Amino acid sequence: MKKKKPLLLMNCTSLKNKEIVLAVTGGIAAYKSAEIIRRLKKEGASLTVLMTEAASRFITPLTLEVLSSRKVYRDIFEDPLSHLQLTENADVFLIAPATANIISKIASGMGDDIVSLSVLAYKGKVLFAPSMNWRMYENPAVKNNIDILKRRGFYEIPPEAGSLACGEEGRGRMASVDTIVDCIKDVLHPKDMAGMKVLVTAGPTREYIDPVRFISNPSTGKMGIALARVAKWRGAEVVLVIGAGLQGNVNGIDTVWVETTEEMYKNVKEYFKWADLLVMAAAPSDFSPKVRHDTKIEKEGIKSIELSPARDILSTMKRYKGGRKIIGFSADTGLDIAKLRRKMTKKGMDILVFNDVTLKGAGFGYDTNRIYIIDRREVKEFPLMSKEECAEEIYNHFMSYQGDKKCQ
């Protein structure tokens, strides 16, 4: 069968051509606004920066002007109509950091600086990232003001717990730049998967030889994390079961961390009852030692290791499939469509995503991938893309074909 090269559909993993207003207010986390601008521009967004007078005590307007490549606005009297004009075409209004003071002003409808006036004039999506001492964040008045904003449709990006600038520990540190960017994408993304329950697996498993040695593989879990994030952005309820030793942005996603193949199997089996769709992007170990030693084996004592096949999670899930859908993955060293279709049938997949790990940028550990999407009817070949873009195309395909009997 001739492979089909589809036109890439528009997706929202990139912020290309998005207009974002960033309002910086007077907290110590204002220094992070420079990194927020850098990241958003890297994602393709255009930024207009507003600053309160207090914010300019923490970071200079010149710094943000150079980074944003646009004039920074902070004096309403210098530009009397700027609060009306600057937000007119904005896709999203982000306040980061959002101090207790600015939260109080906006909640009460006050407008006495360029930030509070601009928010009053803006009709679109507003996100705010609180940043303050933990006692201030827990103050009932602040909590009430945050609740008022959320009831009005504002999106809070909750602060993190940890070490604060004052030297204390608690929840009040502004959310990470990764989390802020993730939330912007979430807010802007169309919710075409709303109402769906998606179970995603990611990363490797470990099969222990003894307490300090194990069998595993080079999977990083990046593709699975991207799939979980994009499903969430598209409105799905998501559970992510993720393998050992991994790191990644799983902001707002129910996440279960596992280590062994058997642990992954037990959690997948449990959540499969709940799910509408299983996306099996994990790379469970294919083999496990026949004997696991409770104490470390001396190096001289290892002559050979006898292996047995580890549980095949996907093949097992086929027994419980019912009306659920399954998207599986295959990482291999060469494309063989007939072989992959046999694998689809054997393991009960509706769609199989293949990538050749020998291709540059498509193997383990990269932020990019080059995929083929295969179902019972066609094969689609895609160019090298970010893993988030790959996830978009996988779900685009799934949403197009989920009602097609040929894909069941």
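The values are calculated or read from the model by the stated rules, or taken from the named source; none is laboratory data. The shown structure was predicted, so the numbers you read here are calculated from the model rather than taken from an experiment. All Cβ positions, glycine included, derive from the backbone under ideal geometry; neighbour counts span all protein chains shown.
The figures follow:
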| quantity | calculated |
| --- | --- |
| Failed criterion for Asn144 (all others in (1) assigned to a loop (DSSP other than H, G, I, E, B); (2) at pLDDT 95 or above hold) | (1) |
| Among residues of region 168-215, those that are of a type in the set (A, V, I, L, M), more than 30 Å from Thr261 (Cα to Cα) and not in a helix (DSSP H, G or I), counted | 3 |
| Residue match in region 84-107 (condition: modelled with pLDDT under 95, surrounded by fewer than 23 Cβ atoms within 10 Å (Cβ to Cβ) and under 15 Å from Gly26 (Cβ atoms)) | no |
| Positions within region 70-104 being out of contact with any strand residue (DSSP E or B) (no Cβ under 7 Å at 6 or more places or on another chain), of a type outside the set (Val, Ile, Thr) and in contact (Cβ under 8 Å) with a residue 40 or more places away in the chain, in sequence order | Ala100, Asn101, Ser104 |
| Residue that is in contact with an Asp or Glu (Cβ under 9 Å, 6 or more places away or on another chain) and hydroxyl-bearing (Ser, Thr, Tyr), where the choices are Tyr320, Tyr372 | Tyr372 |
| Index of the failed condition, Glu389 passing every other in (1) under 27 Å from Tyr265 (Cβ atoms); (2) buried (at least 17 other Cβ atoms within 10 Å of the Cβ) | (1) |
| Region 332-362: number of residues that are touching a residue at least 60 places away in the same chain (Cβ under 8 Å) and among the small types (Gly, Ala, Ser) | 0 |
| Single match in Glu207, Glu160 (criterion: among the acidic types (Asp, Glu) and either surrounded by fewer than 16 Cβ atoms within 10 Å (Cβ to Cβ) or outside the structural domain of Ala228 (by TED's automatic domain parsing) (or both)) | Glu160 |
| Candidate set from region 249-305 (those that are in a loop (DSSP other than H, G, I, E, B), among the basic types (Lys, Arg) and without any contact (Cβ under 8 Å) to a residue 24 or more places away in the chain); member that is surrounded by the most Cβ atoms within 10 Å (Cβ to Cβ) | Lys290 |
| Yes/no for Ile327 being over 22 Å from the mean Cα position of the chain (by Cα), of a type in the set (Val, Ile, Thr) and under 25 Å from Arg234 (Cα atoms) | no |
| Criterion violated by Asp210 - all others in (1) touching a residue at least 12 places away in the same chain (Cβ under 8 Å); (2) in contact with a strand residue (DSSP E or B) (Cβ under 6 Å, 6 or more places away or on another chain) satisfied | (2) |
| Unmet requirement for Thr220, which otherwise passes all of (1) in contact (Cβ under 8 Å) with a residue 12 or more places away in the chain; (2) in contact with a Lys or Arg (Cβ under 9 Å, 6 or more places away or on another chain); (3) farther than 30 Å from Thr99 by Cβ | (2) |
| Selection from region 364-391 of residues that are part of a loop (DSSP other than H, G, I, E, B), closer than 13 Å to Phe329 by Cα and aliphatic (A, V, I, L, M) | Ile371 |
| Filter result for Val241 (within 15 Å of the chain's Cα centre (by Cα) and under 19 Å from Lys318 (Cα atoms)) | yes |
| Selection count, region 31-69, where residues are hydrophobic (A, V, I, L, M, F, W, C), more than 21 Å from Gly111 (Cβ to Cβ) and outside any loop (DSSP other than H, G, I, E, B) | 9 |
| Lone unmet requirement of (1) closer than 29 Å to Ser14 by Cα; (2) crowded, with 19+ Cβ neighbours inside 10 Å for Gly195 | (2) |
| Residue in region 117-130 that is crowded, with 17+ Cβ neighbours inside 10 Å and more than 26 Å from Glu19 (Cβ to Cβ) present | no |
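Let's see how each residue does on (1) among the aliphatic types (A, V, I, L, M); (2) in the same structural domain as Ala236 (by TED's automatic domain parsing); (3) part of a helix (DSSP H, G or I):
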{"residue": "Gly323", "(1), (2), (3)": "no, yes, no"}
{"residue": "Ile326", "(1), (2), (3)": "yes, yes, no"}
{"residue": "Ser330", "(1), (2), (3)": "no, yes, no"}
{"residue": "His397", "(1), (2), (3)": "no, yes, yes"}
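Yes or no, residue by residue, for (1) polar (S, T, N, Q); (2) more than 25 Å from Lys296 (Cα to Cα); (3) surrounded by 17 or more Cβ atoms within 10 Å (Cβ to Cβ):
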{"position": "Cys166", "(1), (2), (3)": "no, yes, no"}
{"position": "Met174", "(1), (2), (3)": "no, yes, yes"}
{"position": "Lys191", "(1), (2), (3)": "no, yes, no"}
{"position": "Asn217", "(1), (2), (3)": "yes, no, no"}
